[in-house]
Amino acid sequence: MGISSFFWTSSLLVLMLSVVNGQPLVPALFIFGDSVVDAGNNNHIDTIVKANFPPYGRDFVNHKPTGRFCNGKLASDFTAENLGFTSYPPAYLSKKARGKNLLIGANFASGSSGYYESTAKLYLEYFKEYQKKLVGIVGNSNASSIINGSIYLISAGSSDFVQNYYINPLLYKVYTPDQFSDILILSYTKFIQDLYELGARNIGVTNLPPLGCLPAAITIFGSHSNKCVAKLNKAAVSFNKKLNATSQKIQTRLSGLNLVILDIYQPLHDLITKPADYGFFEARRGCCGTGLVETSILCDKKSEGTCANASGYVFWDSFHPSEAANKIISDDLLISGISLIS
């Protein structure tokens, strides 16, 4: 075993022992992002983008839909478990987000949101509101300790491209993908700086997945091909390079900030291009409905063709990974984000 492998193995062992002792590794977990990590906030806003009906949630606790865009657990749910939490940060707009339930953090993610325009600002407004509630529960000093010592997970950008830029002529006819990614990077920079000013110190940010390999992207933009759409993957890779470079600059500038980019591009790309290596047999179609075009509003209990067992599918619907894929992704997140908790 090499020095690097020994380091990771030893660090993970320490983390596992901490969790076994029954104590979460951090005070709380805060989640920001789009539908990939939305735990039910869209149930409570005026939008058609919801996942509060079967078959969503069929493999989750009690086999009922919660608003998660998945058949079961999200990668962020597994992350909470990996950190030692016995329950998940509640969707902030839900009835569960009150009293002592707020002590383990909150989930501010919302389907179809992202870095573009006003949605990132809305995350922050809700977080400010949360902080006031937290002070009311535990007082200023304890609230500050929770805010400063917790982990912040951000997973956004996919909706900005796939559900916004590439289908909106007011954007793709005005900006090149490179120019649009620059706009997103500016919004991202502002969001991280604002989050830092509100007390966040340990922030993990997922990069973009291989957008061109999402079943919906292949169906819509693939020109009748079953292969990943090269231009979308190229845009994702370009954005991710900018995200890495920008994040390094931000961390240098903001004292005490631990900002880590969590790679999901390569792990998900591997699952999609080599599914059999990971125990999957289907990576082109999602389990739900036709698996080619559904992103919640078309994927319902009346959908014909929904698979009986999602564990062999990389995708649940045409946009979101299955619980089985989320488990693998979350394990990669734990390893790449170890510096946030060690």
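Among the residues examined, residue 80 qualifies as outside any loop (DSSP other than H, G, I, E, B), under 24 Å from residue 332 (Cβ atoms) and either among the hydrophobic types (A, V, I, L, M, F, W, C) or in contact with a His (Cβ under 8 Å, 6 or more places away or on another chain) (or both). Total residues in region 198-226 satisfying the condition of being more than 16 Å from residue 164 (Cβ to Cβ), modelled with pLDDT of 95 or more and not in a helix (DSSP H, G or I): the figure is 11. Just one residue in the set 335, 329, 250, 272 is in a helix (DSSP H, G or I), within 30 Å of residue 147 (Cα to Cα) and touching a Pro at 6+ places or on another chain (Cβ under 7 Å); that residue is 329. Any chance region 102-109 includes a residue that's within 15 Å of residue 150 (Cβ to Cβ) and either at pLDDT below 95 or surrounded by fewer than 20 Cβ atoms within 10 Å (Cβ to Cβ) (or both)? There is at least one residue in region 102-109 that is within 15 Å of residue 150 (Cβ to Cβ) and either at pLDDT below 95 or surrounded by fewer than 20 Cβ atoms within 10 Å (Cβ to Cβ) (or both). Considered as a group, the residues in region 295-322 that are surrounded by fewer than 24 Cβ atoms within 10 Å (Cβ to Cβ) and of a type in the set (Asp, Glu) include one that is nearest to the chain's Cα centre (by Cα), and that residue is 300.
Applying the condition of being basic (Lys, Arg) and in contact (Cβ under 8 Å) with a residue 24 or more places away in the chain to region 275-326 and asking which residue is nearest to residue 265 (Cα to Cα) yields 284.
Against the condition of a type in the set (A, V, I, L, M, F, W, C), buried (at least 21 other Cβ atoms within 10 Å of the Cβ) and not in a loop (DSSP other than H, G, I, E, B), how does residue 69 come out, does it pass? Against the criterion (of a type in the set (A, V, I, L, M, F, W, C), buried (at least 21 other Cβ atoms within 10 Å of the Cβ) and not in a loop (DSSP other than H, G, I, E, B)), residue 69 does not qualify. Residue 119 satisfies every condition listed in (1) over 17 Å from residue 26 (Cα atoms); (2) in contact (Cβ under 8 Å) with a residue 60 or more places away in the chain except (2).
Does region 287-310 contain at least one residue that is in a helix (DSSP H, G or I), within 15 Å of residue 72 (Cα to Cα), of a type in the set (Gly, Ala, Ser) and modelled with pLDDT of 95 or more? Yes, region 287-310 contains a residue that is in a helix (DSSP H, G or I), within 15 Å of residue 72 (Cα to Cα), of a type in the set (Gly, Ala, Ser) and modelled with pLDDT of 95 or more.
The values are calculated or read from the model by the stated rules, or taken from the named source; none is laboratory data. Note that the structure is a prediction, hence the values are computed from the model and not measured. Note: ideal-geometry Cβ built from the backbone for every residue, glycine included; neighbour counts use all protein chains shown.
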